[in-house]
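Novice: This is the structure I want to talk about, given as structure tokens.
Each reported figure results from applying straightforward, stated rules to the coordinates on display, with no laboratory input. From a predicted model like this one, the values you see are computed outputs, not experimental measurements. Here Cβ is always computed from backbone atoms with ideal geometry, including for glycine, and neighbour counts include all displayed protein chains.
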Amino acid sequence: MFEECIKESKPSPDFSDTDEYQVSLTLRGEVQDPLFLQFLEKVGRDVLASFTTRDFLLLDFLHKEESVPADYADRIPRLVGLGVIIRAGKGKYVLSKRFYALAGKKGVYTRKKGLDRDTNKALLLKHIISNRKDGVRFEELLQVLPSLTYNQVQTLLRELKSEGNVQVVGKTRGALWYPKGK
């Protein structure tokens, strides 16, 4: 039942009126996203035939931009291997580029996947260079890459520093980042 609803891009079965004495099931027939339906068709019938209900539910979570429950983690490597989903960061996955290309939303794919490491470092360096006179506080650098965590930005800055591109003056919250030798 769940598989068929997901395969046909229809809402999941609704058991909300179920109580301890009776089971109530509501099935809705409207197609939610025809593009998701086309994406599943492009994945191919042979591949879809090998999917388990949990595979379909995982795809549905990602399609609806919901967090994937931890007990579905064992299904992720197989779907990544098939190219149906891709890793977009530590513990973060999105539908493959094929879905967003089909939907005409390649920009959304790039936003969800995030920029690559070198691009993120280049953005940080560009911001530091453009503010070379006054220096840049770490909090401001977090604003440059809002999708990254504190630790991720810190790691990128450490790399820029070890490469000789930036220097930090001061410690803790009062520290300012400057371009090095420029």
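Novice: Of Leu102, Leu25, Val68, which is farthest on the positive side of the dipole of the chain, counting Cα position, with +1 on Lys and Arg Cβ, -1 on Asp and Glu Cβ, and the Cα centre as origin?
Specialist: Checking the options against the dipole of the chain, the answer is Leu102.
Novice: Please give the charge dipole size of region 2-113, origin at the Cα centre, charges +1 on K and R Cβ atoms and -1 on D and E Cβ atoms. Round to the nearest 20 debye.
Specialist: 1180
Novice: For region 23-93, which trypsin sites (Lys or Arg not before Pro) pass both filters: DSSP loop (anything but H, G, I, E, B) and at most 10 other C-beta atoms within 10 Å?
Specialist: Answer by residue number: Lys90.
Novice: Could you tell me what fraction of 2.2 N^0.38 Å the Cα radius of gyration of the chain comes to, as a two-decimal ratio?
Specialist: Numbers: Rg = 22.4 Å, N = 182, 2.2 N^0.38 = 15.9 Å.
Against the empirical 2.2 N^0.38 Å value, I get 1.41 for the chain.
Novice: Continuing with the same structure: What FRET efficiency, computed as 1/(1 + (r/R0)^6) with R0 = 41 Å and r the Cβ-Cβ distance, is obtained for Glu30 and Lys133, rounded to the nearest 0.05?
Specialist: The pair Glu30/Lys133 has a calculated efficiency of 0.10.
Novice: Cut-off is 10 Å between beta-carbons; in what order do Ile128, Ile86 appear when sorted fewest neighbours first?
Specialist: Ascending Cβ contact count within 10 Å gives the list Ile86, Ile128.
Novice: Here is a further query. Given q = 0.18 Å⁻¹, what are the Debye log10 I(q)/I(0) values for region 117-179, with equal point scatterers placed on the Cα positions and solvent ignored?
Specialist: -0.54
Novice: Just in region 25-117: which GluC sites (Glu not before Pro) are loop by DSSP and have at most 13 other Cβ atoms within 10 Å?
Specialist: Glu30, Glu65, Glu66
Novice: If you don't mind, another one. Once fully extended, how much extra length lies between Tyr72 and Arg45, figured as 0.36 nm per residue of separation less the alpha-carbon to alpha-carbon distance?
Specialist: Taking Tyr72 through Arg45 to full extension adds about 7.5 nm, to one decimal.
Novice: Which of Gly135, Leu125, Tyr150 sits closest to the plus end of the dipole of region 125-172, meaning its Cα is farthest towards the positive end, when Lys and Arg get +1 and Asp and Glu get -1 on the C-beta?
Specialist: Gly135
Novice: Gain in length, Lys171 to Glu20, computed as 0.36 nm per residue apart minus the alpha-carbon separation, to one decimal in nm?
Specialist: Computed gain between Lys171 and Glu20 is 48.3 nm.
Novice: How are the alpha carbon pair distances in region 33-95 distributed across 10 Å bins from zero to the largest one, expressed in percent?
Specialist: Spelled out bin by bin, region 33-95 gives 20, 61, 18, 0 percent.
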